[in-house]
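Here's the structure we're looking at; comments come further down.
The values are calculated or read from the model by the stated rules, or taken from the named source; none is laboratory data. Here the structure is a predicted model, which means the values were calculated and not measured. In this analysis, Cβ positions are derived from the backbone assuming ideal geometry, glycine residues included, and neighbour counts consider all displayed protein chains.
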Amino acid sequence: MRTDNFAIATPDLWATWLEAIRFSCEAQGVIAARLLLFAAGAPNAAAEAERMIVEKVAAFSDARIAAEQALTDGLGFYAAAERAYAPLRQCVHANSDRLAHAA
């Protein structure tokens with residue numbers, strides 16, 4: 001019985017690993033695009049730097065709230081981590097799309 005509970009609570013290792021790689025690559029692409037923007041002295045570089053800071057604060061705030069809510073609802077640490085990750089993933093993806101289309 002313990003094995004069944006463990007199997008249910010354990011996330012799919014490969015899916016989690018692949019998502020970590022995907023997210024890391026996408027985040028690195030956003031960092032690279034912003035660094036190129038800053039290094040080139042683009043006219044919108046200052047606005048992009050300000051936007052970057054504001055978005056980070058908002059995304060981490062949303063992540064904290066999502067994790068707290070999941071723990072308050074008794075969903076456990078894995079669910080809290082998944083819910084905390086969602087706002088960060090959405091923010092990075094939105095930035096990746098926006099910066100890719102701006103180039």
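State which residue is nearest to P43 (Cα to Cα) when the search covers only the range 82-103 and only residues that are part of a helix (DSSP H, G or I) and modelled with pLDDT under 95. Don't jump to the end; show me each part of the working.
So in the range 82-103, the residues part of a helix (DSSP H, G or I) come out as 82-102.
Restricting the remaining residues to those that are modelled with pLDDT under 95 gives 82, 98-102.
Details: E82: 37, R98: 16, L99: 15, A100: 17, H101: 17, A102: 13 Å.
Of everything passing the filter in the range 82-103, A102 is nearest to P43 (Cα to Cα).
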> Which of the residues spanning the range 1-23 are modelled with pLDDT under 80, surrounded by 10 or more Cβ atoms within 10 Å (Cβ to Cβ) and either closer than 18 Å to L88 by Cβ or among the aliphatic types (A, V, I, L, M) (or both)?
Replying inline: A9, P11
>> I'm checking my understanding of the structure. Among residues of the range 53-79 that are part of a helix (DSSP H, G or I) and touching a residue at least 40 places away in the same chain (Cβ under 8 Å), which one is nearest to L99 (Cα to Cα)?
In response: E55
> Of the residues A40, A63, A45, which single one is at pLDDT below 95 and touching a Leu at 6+ places or on another chain (Cβ under 6 Å)?
Replying inline: A45
>> Looking only at the range 24-33, filter to residues that are under 12 Å from A100 (Cβ atoms) and in contact (Cβ under 8 Å) with a residue 12 or more places away in the chain; which one of those is surrounded by the most Cβ atoms within 10 Å (Cβ to Cβ)?
In response: V30
> Name the residues in the range 53-98 that are under 13 Å from the mean Cα position of the chain (by Cα), over 30 Å from L37 (Cα atoms) and acidic (D, E), would you?
Replying inline: E82
